[in-house]
Amino acid sequence: MTAVLEIAGLQKTYRSRKGVRRALDGFDMTVEAGQVHGFLGPNGSGKTTTLRTLLGLIRPNGGRMAILGREVPASLPEVAGQVGAIVESPQFFGNFTAQDTLSLLADAGGVRKERVVAVLELVGLRDRAKDRVKTYSLGMKQRLAVASALLKEPKLLILDEPANGLDPGGIREMRTLMRNLAESGMTVVLSSHILGEIQLICDSVTIISAGRRVAAGSVADVLKTHTSSSVKVALEPGVDMRNAIELLRANGAQVTVEHDHFTVGNAGNPAQITRILAEREIYLSELTPMSADLESVFLELTGTAPVEGQNRQVDQSAAAPAPASGGWGQ
Ligand SMILES: Nc1ncnc2c1ncn2[C@@H]1O[C@H](COP(=O)(O)OP(=O)(O)OP(=O)(O)O)[C@@H](O)[C@H]1O
Ligand SMILES: [Mg+2]
C-alpha cells in the first residue's frame, strides 16, 4: 500500500497576546490509498489545525507532511489540483444558486462544465440547483460544500465534519457516497464526532488528543487493541448504587455511572465485582460484558468520558493513552 497522506512530528503553536497555545505537539498520521479514513478527536484537540496546515492555510512550527508522496507545503502547487477539501463550514455567496457557484468554481479551476451537473446529482442537490444558496438549509449548504470539493475529481478528498447538519437520510447518503468514492479509487479523510457513523464508514482511523496521536490503524485493530473489558452492572431495584460504587472505586475500579446502572471499565475479572459487593450484602441483578465500540474507545483514550458531578472543560482531554487497563483487585 502507498501512503497518500503522511504527517510526522507536526508542531503548531499559536501565539497571541494571551500567551502560547500548543495545538499540535508532534502529531503523526498516515493514510493509505483508497481508504476512507476517520480523523477523530475531542473539541480543540487539533483536527482543523492539522487540516489547515496540510492545505497550506497556516504554517507549522515543525514536522514533515507529504501528500501523494510530495512534500508539502513546498510541493503544494503541484498536488493542489489532486486534493479537494472543505475545512470547517465554507462560506458561499447567498445570492448565487448552487449551479452558479459551482460553475464559477469550475471555470476558475479549469474543470469541464458537465462535471457541475454530475456533482450536483452526486450530492443530491439536482432539484434545488437553481435556488439561491441563501434559501438553503444547513444540510443543503453542507452538500454544496462537498460538491465543490468533488468538482476536480480529486485523488484525495478532505472533509472536516461533512455530516454536520445533515439529517439521518443525508448522513446515510453521505456514507454511501464516501464508500463509492473510495471504491472508485479516491482516498477520503473525514473528521467527525459521530463515532457510530465513523465506525460504519471508515476503513481506518487516527485518534488525536491534545495535539498528539493516541491511536491509529484499522477500525477493527483499534477496537481490539484498546478495548478494556467493560461490564455493565445493575443492582436490585430500590438499592442505592452509591455504596456499591464507592466500594468498587476504593478497590481501584473505574466506574462510570449511568442512569439506572453503572459500568466498570477495567473489569479484568468480573467475579471480583460480585465478591466485593456480596461481602457487604449488596447483590447484583445484572452483570453483562459490554461489546466494544469506537465511541467507548474514543472516550477512554481521550479521557473525555463524562464524570459525575463535573463539568468537563474543553482543554481537559488526555495527552497520552490511558494505561492499559488489565483488571484490578486481583
Ligand atoms: N487562530 C488561533 N489562535 C489561537 N488558538 C487557536 C487558533 N485556532 C485554533 N486554536 C487553538 O488550537 C487548539 C486546536 O484547535 P482546532 O480548531 O484544531 O481543534 P479541532 O480538533 O478542530 O476541534 P473541533 O472538534 O472543536 O473542531 C484549540 O485549543 C484552539 O483553541
Ligand atoms: Mg475543527
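The values are calculated or read from the model by the stated rules, or taken from the named source; none is laboratory data. This structure is a prediction, so every number in the text was calculated from the model and none was measured. Counting neighbours? That spans all protein chains shown, and the Cβs are built from the backbone with ideal geometry, glycine included.
I'd like to check something: does the range 124-147 contain any residue that is at pLDDT below 95, under 22 Å from LEU68 (Cβ atoms) and touching a Leu at 6+ places or on another chain (Cβ under 7 Å)? Checked the range 124-147: at least one residue is at pLDDT below 95, under 22 Å from LEU68 (Cβ atoms) and touching a Leu at 6+ places or on another chain (Cβ under 7 Å). Restricting attention to the range 190-221, which residues are at pLDDT below 90 and closer than 15 Å to LEU299 by Cα? Hits for the range 190-221 are SER192, HIS193, ILE194, LEU195, GLY196, ILE198, GLN199.
Out of curiosity, is ARG21 within 16 Å of ligand 2 (Cβ to nearest atom), without any contact (Cβ under 8 Å) to a residue 40 or more places away in the chain and touching a Ser or Thr at 6+ places or on another chain (Cβ under 8 Å)? Considered against the rule, which asks whether it is within 16 Å of ligand 2 (Cβ to nearest atom), without any contact (Cβ under 8 Å) to a residue 40 or more places away in the chain and touching a Ser or Thr at 6+ places or on another chain (Cβ under 8 Å), ARG21 comes out as yes.
Is it true that some residue in the range 145-159 is buried (at least 18 other Cβ atoms within 10 Å of the Cβ), outside any loop (DSSP other than H, G, I, E, B), within 16 Å of ligand 2 (Cβ to nearest atom) and among the polar types (S, T, N, Q)? No, the range 145-159 contains no residue that is buried (at least 18 other Cβ atoms within 10 Å of the Cβ), outside any loop (DSSP other than H, G, I, E, B), within 16 Å of ligand 2 (Cβ to nearest atom) and among the polar types (S, T, N, Q).
On the stretch given as the range 270-281, residues that are surrounded by 14 or more Cβ atoms within 10 Å (Cβ to Cβ) and either touching a Phe, Trp or Tyr at 6+ places or on another chain (Cβ under 6 Å) or not hydrophobic (A, V, I, L, M, F, W, C) (or both) total 3. Checked against (1) β-branched (Val, Ile, Thr); (2) assigned by TED's automatic domain parsing to the domain that holds ASP25; (3) surrounded by fewer than 17 Cβ atoms within 10 Å (Cβ to Cβ), ILE207 passes all but condition (3).
So that you can scan it fast, the table gives a plain yes or no per residue for (1) buried (at least 20 other Cβ atoms within 10 Å of the Cβ); (2) in contact with a strand residue (DSSP E or B) (Cβ under 9 Å, 6 or more places away or on another chain); (3) assigned by TED's automatic domain parsing to the domain that holds GLY38:
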site: ILE198; (1), (2), (3): yes, yes, yes
site: ILE201; (1), (2), (3): yes, yes, yes
site: GLY217; (1), (2), (3): no, yes, yes
site: GLU236; (1), (2), (3): no, yes, no
site: MET241; (1), (2), (3): no, yes, no
site: LEU248; (1), (2), (3): yes, yes, no
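Yes/no matrix, rows are residues, columns are (1) more than 18 Å from SER209 (Cα to Cα); (2) more than 12 Å from ligand 1 (Cβ to nearest atom); (3) surrounded by 22 or more Cβ atoms within 10 Å (Cβ to Cβ); (4) at pLDDT 95 or above:
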{"residue": "LYS18", "(1), (2), (3), (4)": "yes, no, no, no"}
{"residue": "ARG21", "(1), (2), (3), (4)": "no, no, no, no"}
{"residue": "GLY26", "(1), (2), (3), (4)": "no, yes, no, yes"}
{"residue": "THR30", "(1), (2), (3), (4)": "no, yes, no, yes"}
{"residue": "HIS37", "(1), (2), (3), (4)": "no, yes, yes, yes"}
{"residue": "LEU55", "(1), (2), (3), (4)": "yes, yes, no, no"}
{"residue": "GLY63", "(1), (2), (3), (4)": "no, yes, no, yes"}
{"residue": "GLU78", "(1), (2), (3), (4)": "yes, yes, no, no"}
{"residue": "GLY81", "(1), (2), (3), (4)": "yes, yes, no, no"}
